[in-house]
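The values are calculated or read from the model by the stated rules, or taken from the named source; none is laboratory data. All values derive from a computational prediction rather than experimental measurement. Quick reminder, even Gly has a Cβ in these numbers, built from the backbone with ideal geometry, and neighbours come from all protein chains shown.
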Amino acid sequence: GQSLEQPSEVTAVEGAIVQINCTYQTSGFYGLSWYQQHDGGAPTFLSYNALDGLEETGRFSSFLSRSDSYGYLLLQELQMKDSASYFCAVRDRSDSWGKLQFGAGTQVVVTP
Amino acid sequence: DVKVTQSSRYLVKRTGEKVFLECVQDMDHENMFWYRQDPGLGLRLIYFSYDVKMKEKGDIPEGYSVSREKKERFSLILESASTNQTSMYLCASSPLAGGPGDTQYFGPGTRLTVL
């Protein structure tokens, strides 16, 4: 089976940097995705890592280490609008249908 | 832009009622998914469908069924609603070819309360 672990909550001030870690266990890893969900909103895709290393998209970056079964999402220059829940998700290589297994989510609280 | 819509944002039903949650996507995606979201548990997959009339059980299918008669529409059915099915229900779709990380596109959710 699969399991993912991420912290339940992180609090930081505007302008700071936040790192959300995600460790996973899966029988055959395919890739790690990150989704953002604002309160009352739909989850939206942020980033994807299939290979080791850092992927940067504006203020957000995502990192993957396949050998450590570990990844993180880095939020830089935090803004109030970044207050949201962030989910990591994995696809198992044995799955043919594009199913994702989601972590429980990390609530990021940005304070002034 | 991909659009996934769900029939209701809020729904209140009584125990034992049959409940239908509808989801429609407008991007011709092959895959469609139903999740429930509960605090501290993240998104848990109930059922998914990879083609019309095809369905597969997810991690928590008990108490639910689904229907996919048309490619764009995926319905979740609670045969006899119970209070432990009070939750946020999210529908998602994705193309068969995948895209980065098999990106899923989510609807706004239906918050169901069973009294």
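Within the stretch B:87-115, can you find the residues that are at the interface with chain A (Cβ under 7 Å from one of its Cβ atoms), modelled with pLDDT under 85 and over 13 Å from residue A:99 (Cβ atoms)? Within the stretch B:87-115, just B:100 meets the criteria. Restricting attention to the stretch B:63-101, report how many residues are out of contact with any Asp or Glu (no Cβ under 9 Å at 6 or more places or on another chain), acidic (Asp, Glu) and under 12 Å from residue B:29 (Cβ atoms). Looking only at that region, the number is 0. Scanning the stretch A:4-45 for residues that are farther than 22 Å from residue B:34 by Cβ, surrounded by 20 or more Cβ atoms within 10 Å (Cβ to Cβ) and within 11 Å of the chain's Cα centre (by Cα) gives A:6, A:20, A:22, A:32. Where residues in the stretch A:48-83 are surrounded by fewer than 21 Cβ atoms within 10 Å (Cβ to Cβ) and among the small types (Gly, Ala, Ser), which of them is farthest from the chain's Cα centre (by Cα)? The qualifying residue farthest from the chain's Cα centre (by Cα) is A:67. Would you pick out the residues in the stretch B:16-42 that are closer than 14 Å to residue B:105 by Cα, among the aliphatic types (A, V, I, L, M) and over 11 Å from the mean Cα position of the chain (by Cα)? Answer for the stretch B:16-42, where residues must be closer than 14 Å to residue B:105 by Cα, among the aliphatic types (A, V, I, L, M) and over 11 Å from the mean Cα position of the chain (by Cα): just B:27. Which of the residues spanning the stretch A:18-41 are farther than 14 Å from residue A:89 by Cα, aliphatic (A, V, I, L, M) and modelled with pLDDT under 95? Residues satisfying the conditions do not exist here.
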